[in-house]
Structure formats: C-alpha cells, structure tokens
Amino acid sequence: MLEIHAVESHYGRIPALKGIDLRVNSGELVALVGANGAGKTTLLRALSGVQRVSAGRVMFRGEDITRASSERRVRLGIVQVPEGRLVFGPLSVEDNLRLGGYTRGRAESEESLERVYGMFPALRQRRRQPAGTLSGGQQQMLAMGRAMMARPQLMLLDEPSMGLAPKLVEDIFAHIRALKAAGTTIFLVDQNARAALSVAERGYVIETGRIVLSGTGPELLQDEQVKAAYLGF
C-alpha cells in the first residue's frame, strides 16, 4: 500500500530524514520506534503532506504522491492521528467527529459515526460534551474516531500512548488492535517500544533520521540492541 524510497526532509538546512526506505503492506500494522528527535513525527508529517519531502519518493497504492497536497492525500485515504490529540476543545465531541468526515457524503458520515460510537461507547455518552473537558484517554479515542470518520485506507498514528496512565495505554492499544482486525492498515509511531512492537507484524527502528533496524515485531522485541536502547533491559 505504501512505499517510501530514499526520502529526505529538512528543517531549513538541518536534515531530519536521511534516505528513509520502508513499506507498509495492505492490512498490516507496522510500527516505527525511536527516541525523541529521531525523526518519527517528521516522517509521519511527510507522509500526510504537512512536511515537505526534499528528496526521494512516496508511493501510495502505486501512485506517486510525493508532491500531493494534504487534502489530496486525505481523499486518497491517508489520515493522520496527530501527536497530542489536537482535538477542537470548545466544540462538542460529535462536532469533532463530523469534522473528520468532511470529505464524505452525509450518508457515509452517518454510517461512520455509528461505527465510531460502536467502537468507543464513551464518546456516544459524551457526544454533546465539549471535547476539551474529556480525559486524556477519551481525547485519544476522539482523535482516533475523528480519523475513522474519513474512512482511511491507511491510518498514521502518532504517539497514541503519550501522557497516558498504563491502564489507559492498554485500552488504547486494544482499540488499535480492533482497528487492525476491522481491516484498517496502520502505521504506528510510539515511544513505548514494547507496546508498539507487541501489536506490530513488522517494525522499524529509526535513529537520527535513518532506519537502522527492521524485522517482525517479535524479532525486534528480542533484539539485544532494541532491548538495551528502548526496552530498559
């Protein structure tokens, strides 16, 4: 579904991505792990069209989208759940969700809304509540539900466990597994390497803008370098 070939990106003259190569197959859950500042969020922003790619190619379902706008990518089926949730605090939960479905017709949006409420019953209960009054875990559910409203073929999940208590992290990753089981292809970025690699079929490790390791989720969990750097062993 997604192929990235020798992708580079810069902030001014500072290189953030240095020749990234990776792929995400249809139906897969692929994780990208790495330390703060390694380039994880920059790569997701480059995939969603927010960050400019200075070299290389991004291919989605066989189409070169390297220069495509963010809106074009959403319409093609690439939707990002941003780091920090970024919900619209003064708006109600339901209004936040409906904004996520702006590229879809009314009938599709209503169907998607019911699907979101089916996966996240807590959001239905709070649908009239201002999004800014939700807990951190509920806001993460809302951000994921908002992405679901666009009916993504590829969901880009950026640090979904950030700032959450361990029990809430478990809940969020259970929802991620459910999304995968429902057929959504997922590219997951998270500093919680153990949780991310535990749900991933394949994974990549990024350091200072370069991919340094790749393998199946279980292989990377057992890799001595990954254990030492990210799992606290």
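The values are calculated or read from the model by the stated rules, or taken from the named source; none is laboratory data. Keep in mind that what you see is a predicted model, and the values were worked out from it rather than measured. So basically every Cβ, Gly included, is an ideal-geometry build from the backbone, and we count neighbours across all protein chains shown.
Does GLY89 satisfy the criteria of being part of a strand (DSSP E or B), surrounded by fewer than 18 Cβ atoms within 10 Å (Cβ to Cβ) and either touching a residue at least 24 places away in the same chain (Cβ under 8 Å) or β-branched (Val, Ile, Thr) (or both)?
No: the conditions fail for GLY89.
Looking at GLY137, GLY183, GLY163, which is the one that is within 19 Å of the chain's Cα centre (by Cα), closer than 29 Å to MET59 by Cβ and not charged (D, E, K, R)?
Unique residue meeting the criteria: GLY183.
Would you confirm, using the coordinates I've provided, whether GLU110 is under 30 Å from ARG210 (Cα atoms) and modelled with pLDDT under 95?
In short, no.
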Task: Tally, over region 17-47, of residues that are part of a strand (DSSP E or B), aliphatic (A, V, I, L, M) and at pLDDT 95 or above - done: 8
Open item on the list: Please go through (1) in a helix (DSSP H, G or I); (2) modelled with pLDDT under 90 for ARG72 and return the number of the only condition it doesn't satisfy.
Closed with: (2)
Task: Count - residues of region 48-69 that are among the polar types (S, T, N, Q), in contact with a strand residue (DSSP E or B) (Cβ under 6 Å, 6 or more places away or on another chain) and assigned to a loop (DSSP other than H, G, I, E, B) - done: 3
TODO: Hey, can you tell me all the residues within region 179-191 that are surrounded by fewer than 19 Cβ atoms within 10 Å (Cβ to Cβ) and within 21 Å of GLY84 (Cβ to Cβ)?
DONE: GLN191
